[in-house]
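A quick write-up on the structure given underneath.
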C-alpha cells in the first residue's frame, strides 16, 4: 500500500502510486469553493491482486458536518465493481453510478440535520483491471457535496471531476526539492534552515512564506532572490504541519540518507521526494 500525505482540503492535488506492482495514480481535489476548510482526508490505493485494485478515501479530520459526498472518476481501463462504507453513525446516501462519465458518487448524512457529526469514516472502492503491472490506472476524486454548520459551508454536488479543471491551476513540485533540481540533496535542507533563520525566531508558516515570495518581501532577506528556484513554500514543509522548521530540514536530510542507502521511507520522512501539485482557485 502507498498512502498519500494528509492535506487541508482545497490546497493540494496529490499523486499516489502502488509501487510494488505497477502504478496507480490519483488526483485528489478538496473543497475548491472553501479552501480554508479544516476538513482533511487521506487517499490511498491497495493492489489486491494482478487484476483488482482498491482505492480508499479516509477522513482523518472532521470539523463537523451534516452531509458530505465525494465523486470518484476512474479511467477507461478500469471497471468499477462495488464499494463499502465504514460509517455506522451517519446515514449513507444512495450510490450513483454514471458509466458514461465513469463516475461514482456517494456520501453520508447526519442523523440530525440541525447538528454536525464529527465522526471519521472511509469509502472503499473496488475495480477490476486487466493487469496491474503493465500500465497506469488513473483516478480523480473530489469533495463534491459539503454542508457544515460549524464551518458555515454549504455547497451542492459536482457530478464530473473534469469540471474542477476549469477552476484550479496546478503547480507541480517535489516535496523537499527547494532548488527545483528534480531530486533531494543536502542543499535542500540547507535552504530550509536559511528560511528558518530568516524568520528571526518567529513561527514561519507556509502561508507567510508564500506571501513573502509572492510579494518579494526584502526583510530581513530578499526572499524571492534567496529562494529563486523555489516553486512554493509547501515544498519546504516536509512533515506537513503547515510550518517551516528545523524538523523539516531534518526530514529532508533523513530522506537524502535513506535514498542513498536504499532504505525504506515508510517510517521516516515518507513523503519527501514525492510529487505533488499545488492548486489555486482561478477567479
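Sorted from largest to smallest, which semi-axis lengths in Å does the alpha carbon gyration tensor of segment 28-132 give for its equivalent ellipsoid, taking the root of 5 times each eigenvalue? Working shown, then result.
Details: eigenvalues 138, 39, 36 Å².
So the three semi-axes of segment 28-132 are 26, 14, 13 Å.
Quick check: convex hull over the Cα atoms of segment 75-129, volume per residue in Å³, rounded to an integer?
Details: hull volume 4.8 nm³, N = 55.
Residue-normalised Cα hull volume stands at 88 Å³.
Of the residues 223, 211, the one with the fewest other Cβ atoms within 10 Å heads the list, and the complete ranking is 211, 223. Remark: spin-label model distance residue 242-residue 226 equals 2.3 nm, labels positioned 7 Å along the Cα→Cβ axis. Figure legend: label point modelled 7 angstrom from the Cα of residue 155 along Cα→Cβ; no residues of segment 100-141 have amide N under 12 Å from it. Both radii are taken from the alpha-carbon atoms of segment 183-252; with Rh as the Kirkwood radius, Rg/Rh is 0.91.
Rule-based calculations on the coordinates, nothing more; no lab input. What you see is a predicted model; the values in this text were computed from it and never measured. With ideal geometry, Cβ positions are generated from the backbone for all residues, glycine too; neighbour counts draw on all protein chains shown.
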